[in-house]
Amino acid sequence: MTKKKYRQQQPEERMRIEIWKAEQIGVRDMAFRLGRSPSTISRELARNTCHGHSYRATVAHASRTRRRDASRPAAKLDSDGVLWGVVRHFL
């Protein structure tokens, strides 16, 4: 048995989820159609559905990008940083 590799959800998958959510397709059916785990779809909907609003694929993808960028540490040798000038001076 081979272990499946994790794949991040693509914008096309999010668009399908949005359409199926509007058509009131169940989470398990969505997961089966996408070849994903139902928990993955459930987490996606819970994480990216605003209170009183429906799921929007473009908003979900933008939120994902924002969360991903915020979770990464800042570069130590940024061209706008103080350290950049020091390194340049000594090189």
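The values are calculated or read from the model by the stated rules, or taken from the named source; none is laboratory data. All of these numbers come straight from a predicted model, not from anything done at the bench. In this analysis, Cβ positions are derived from the backbone assuming ideal geometry, glycine residues included, and neighbour counts consider all displayed protein chains.
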(message) If I ask for residues that are touching a helix residue (DSSP H, G or I) at 6+ places or on another chain (Cβ under 6 Å), charged (D, E, K, R) and either within 19 Å of THR58 (Cα to Cα) or at pLDDT below 95 (or both), which ones from the stretch 4-35 would you list?
(response) GLU13, ARG14, GLU18
(request) Identify, by number, the condition in (1) in a helix (DSSP H, G or I); (2) touching a residue at least 12 places away in the same chain (Cβ under 8 Å); (3) of a type in the set (Gly, Ala, Ser) that SER54 doesn't meet. (result) (1)
(request) Tell me, yes or no, whether the stretch 67-78 has at least one residue that is loosely packed, with under 12 Cβ neighbours inside 10 Å, within 17 Å of ARG16 (Cβ to Cβ) and of a type outside the set (Lys, Arg). (result) no
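Within the stretch 17-35, count every residue that is crowded, with 17+ Cβ neighbours inside 10 Å and either not in a helix (DSSP H, G or I) or not small (Gly, Ala, Ser) (or both).
7
Taking the conditions exactly as written (more than 11 Å from the chain's Cα centre (by Cα) and of a type in the set (D, E, K, R)), does ARG7 satisfy them or not?
No: the conditions fail for ARG7.
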